[in-house]
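First the structure, in the form of structure tokens, and then the observations on it.
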Amino acid sequence: MGTQSRFTLQDFYGGSIQGRLAVAQGLYPDLTLALAANEPFTRMLAQAVMLEKELARTMAGLELGALCTVCGTKAGGGCCSSFMAGENDVAQLLLNLLAGVAVAALREDDECCFLGQRGCLLLFKPMFCLNYNCQQIRQGAGPDRMRCLDQATGELLQQQYALEQLLLEVLRRRGTLTG
């Protein structure tokens, strides 16, 4: 195990997205081995990945990728602004790394730094990113399909929250996180 740094909740939830990404990437190597041996964590992570895939299928069925791309190409359009990147915290970024996502800032413009050519590179996203549905989405989907989308979103967010709490507990026990 490498030299352990100590972090506060401010390090995890405050500061710049670049700072939070650096903390997550710094913690990742030591945590990978420790968490691979933590059966509750690996089980919960696998469940979260499964729920994310189900949500992705639901979103694809609603053709949200095409709809959001059209909106995003309009002047001032799109929900994935650079501001939205700041909604990610260290725990979410770590969960993405632990799920095999090569988390990195992809851009430095007015869009979210995690937005690539094929959409968001993150599996586990902030609550706002998953819960916000503009009028075009709501109207295009209709009430029944919106209920399916809301159900899949809620299940993933619930699992993400539980997984994040377990991750924070592990970090506190290791002395990596104080507060």
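Full extension of the segment from M146 to E169, taken as 0.36 nm per residue of separation minus the current Cα-Cα distance, would add 4.9 nm. Relative to the longest principal axis of the Cα atoms of the chain, helix 64-73 runs at roughly 80 degrees. Comparing G78, A141, S16 along the charge dipole axis of the stretch 7-172, the residue lying farthest to the positive side is A141, per the Cβ-charge model.
Length gained on full extension, D110 to L33: 24.1 nm, using 0.36 nm per residue less the C-alpha separation. For the stretch 7-172, the Cβ-based charge dipole about the Cα centre amounts to some 360 debye (Lys, Arg positive; Asp, Glu negative; other atoms uncharged). Extension gain, Q18-M50: 0.36 nm per intervening residue step, less the Cα-Cα distance, totals 8.7 nm. Under a Gaussian network description of the chain, with springs only between Cα atoms under 10 Å, the residue in N133, N96, N38 that fluctuates furthest is N38. Of the GluC sites (Glu not before Pro) found in the stretch 69-148, the ones in coil according to DSSP and having at most 14 other Cβ atoms within 10 Å of their Cβ are E87, E108. Annotation: cysteines of the chain without a disulfide-compatible partner (Cβ-Cβ under 4.7 angstrom) are C68, C71, C79, C113, C120, C129, C134, C148. Sorting V70, V90, V103 from the fewest to the most surrounding beta carbons within 10 angstrom yields V70, V103, V90. Computed over the chain, relative contact order equals 33 percent, with contacts defined as Cα pairs under 8 Å that lie 6+ residues apart. For the chain, the longest principal axis of the alpha carbon atoms and the long axis of helix 39-61 meet at an angle near 10°. Shown for C148, C80: other C-beta atoms within 10 Å of each C-beta, ranked fewest to most, produce the order C148, C80. Secondary-structure-derived ellipticity at 222 nm for the chain, considering helices only, amounts to -21000 deg cm²/dmol, per-run term -39500 (n - 2.57) for DSSP H runs with n ≥ 4.
Here, each number is a calculation from the coordinates, and none is a lab measurement. Predicted model only: the values in this text are computed from it and were never measured. Here the Cβ is made from the backbone with ideal geometry for all residues, glycine too, and neighbour counts use every protein chain on show.
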